[in-house]
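Every number in this text was worked out from the coordinates using simple rules, so none of it is lab data. Predicted model, so just to flag it, every value in this text is computed and none were measured. Methodologically, a virtual Cβ is constructed for each residue, glycine included, from the backbone with ideal geometry; neighbour enumeration extends over all protein chains shown.
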Amino acid sequence: MSRAVRDNAAENRYEIYEDGQLAGFTDYKITGDRIAFIHTETLKGFTGRGVAHQLIAEELAEARTRHLAVLPYCPVVRDTIAHHPDEYLDLVPAHYRERFDLPVAPEKA
């Protein structure tokens, strides 16, 4: 099984393919230096296999590389950030975190 994530800029979405088949996508909107993740969907037949997790991890990594601030309107993206604050919380500007019910800073161990 091979997976690939692609930015389909023409459709304003990241797509994940498994063995050449579209397995899921995240719709987004870029405004200036911000990317708003709107909706993530895993297609029928691909659920429960970590497709959404890989898709979100790769799109957040690309947002970091492109120096884009993340606005996680999509609940799946928001949950990923909330469950992995040490990896992703810094992508969400501090003044937006309360709006998305995210902690202001990662908890110290």
For region 3-43, using Cα atoms only, the Rg and Dmax in Å read 10.6, 34
Segment Lys44-Asn12, length gained on full extension (0.36 nm per residue, minus Cα span): 9.4 nm
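Fully extended, how many nm does the chain gain between Arg66 and Glu87 (0.36 nm per residue separation, minus their Cα-Cα distance)?
Fully extending the segment from Arg66 to Glu87 adds 6.0 nm.
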Just want to confirm a number: the relative contact order over region 3-100, from Cα pairs under 8 angstrom separated by 6+ residues, in percent. 21
What is the projected area of the convex hull of the Cα atoms of the chain, averaged over all directions, in nm²? 7.4
With charges only on Cβ, +1 for K and R and -1 for D and E, what is the dipole size of the chain about its Cα centre, in debye, rounded to 20? 120
